[in-house]
Amino acid sequence: MVVPRIAHRPIEHPKPGRRTATAAKGWALVSSVLVAIVVAGLPSAANAVTYTKAIRYGPYTIPAATDGGPGMINNKLQLGVQRPCLGCHITSFKPDLVYEDGTRATLATGAMLHHFVLTSQFRRDATCGNDWLGLAGERFFASGNERTAMTFPSGYGYRVRWYDSWNLLVDLMNHSSAPQTVYIRVTYTYRPSWESVKPVRPVWLDIDQCRDSEYSIPSGFSDTHWDWNVNVPGDIVAMLGHLHGHGVAIEATNESRGGHLDLQIRRDAGPERRTQRPGDVDVHWGSGCLRSTGGGRAPPQHVQQRSPRG
């Protein structure tokens, strides 16, 4: 059983005029974690052939900001978007937001990648397959303004079949006084389908699973959690997380084995933290990595089915 949890403890002496929230264990206003699990077996990395392809999705013209707030493209859903290959194993994803000429679109120029989510239509989502959110298929990669890349260990990959169909959910913001046209760019590395690559299965864990990823922090101390009864037993080989503004950090620990395997996202880790603008409640900070507390790269961690707690 996996237990996503948010705990909140108020700061005793916040600075005047500044909204502040902190937490005791897993902290966020909006929080989600994407876990890649391999079911069984070890891959072979011998004679690996890797290709790289960058795909631009868009264009998206974001309206100008007004006195009422930033311009927005609010959760635009696109069906049947381009894939990097018709039969392959994706070994890494690198997201970005760019202009027509390829330069990066950042908060320095007013553009913000609030979030995007890629789904595979003909695959069942591990945690929301029975919910309305599961109609879009399996959620397998996402990013916010932190633009965290995900790279699987050597020999692992996300399988793309020739008949798969991808969907893309896009949410963008514009803080400048003029409309902006931008593209989401994802750079993929992949290996051919005939190579010996162990396929991974993505599992999306969210603070309000299968809803809008938002959690309203009450005053005083609070502890909110839900249980996921594991339906994808296997070894965790990669993780990444997503944290919104006024959150402090996300941590994932292996409590069942008594050890620590941490996905850590800190609000002071991201390059855009210094360019937050007034009213940017949803600026995303930080990047995540899979590591062991003893240093170096962590070995795969196992998750298995277990009876619910009494």
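The values are calculated or read from the model by the stated rules, or taken from the named source; none is laboratory data. It should be emphasised that the depicted structure is a prediction, and the values quoted were computed from it without experimental measurement. Here the Cβ is made from the backbone with ideal geometry for all residues, glycine too, and neighbour counts use every protein chain on show.
On the stretch given as the stretch 102-125, residues that are in a loop (DSSP other than H, G, I, E, B) and either within 15 Å of the chain's Cα centre (by Cα) or not aliphatic (A, V, I, L, M) (or both) total 9.
What number of residues within the stretch 87-101 are touching a residue at least 24 places away in the same chain (Cβ under 8 Å) and either β-branched (Val, Ile, Thr) or assigned to a loop (DSSP other than H, G, I, E, B) (or both)? Break it down stepwise before answering.
Applying the first criterion (touching a residue at least 24 places away in the same chain (Cβ under 8 Å)) to the stretch 87-101 yields 87-100.
In the following step, the residues that additionally are either β-branched (Val, Ile, Thr) or assigned to a loop (DSSP other than H, G, I, E, B) (or both) were identified as 87, 90-91, 98-100.
Number of matching residues: 6.
You will find that of Asp212, Asp171, the residue that is surrounded by fewer than 22 Cβ atoms within 10 Å (Cβ to Cβ) and touching a residue at least 40 places away in the same chain (Cβ under 8 Å) is Asp171 and no other.
Could you list, in sequence order, the residues of the stretch 139-182 that are outside any strand (DSSP E or B) and of a type in the set (A, V, I, L, M, F, W, C)? Steps first, please.
First, pick out the residues of the stretch 139-182 that are outside any strand (DSSP E or B): 144-149, 152-155, 161-165, 175-179.
Within the stretch 139-182, Ala149, Phe152, Trp162, Ala178 qualify.
None of Gly129, Gly134 is over 15 Å from Phe93 (Cα atoms) and part of a helix (DSSP H, G or I) except Gly134. Filtering the stretch 176-208 to residues that are surrounded by fewer than 17 Cβ atoms within 10 Å (Cβ to Cβ) and over 15 Å from Gly87 (Cβ atoms) leaves Ser176, Ser177, Ala178, Pro179, Thr181, Thr187. Of all the residues that make up the stretch 58-71, how many are buried (at least 16 other Cβ atoms within 10 Å of the Cβ) and farther than 11 Å from Ser176 by Cα? Qualifying residue count for the region: 2.
Within the stretch 222-251, the set of residues being hydrophobic (A, V, I, L, M, F, W, C) and modelled with pLDDT under 80 comprises Trp226, Trp228, Leu243, Val248, Ala249, Ile250.
Could you check how many residues of the stretch 79-124 are of a type in the set (S, T, N, Q) and surrounded by 21 or more Cβ atoms within 10 Å (Cβ to Cβ)? Let's see the steps before the verdict.
Initially, the stretch 79-124 is screened for residues of a type in the set (S, T, N, Q), giving 82, 91-92, 103, 106, 109, 119-121.
If we keep only those that are surrounded by 21 or more Cβ atoms within 10 Å (Cβ to Cβ) as well, we get 91, 119-120.
Within the stretch 79-124, residues that are of a type in the set (S, T, N, Q) and surrounded by 21 or more Cβ atoms within 10 Å (Cβ to Cβ) number 3.
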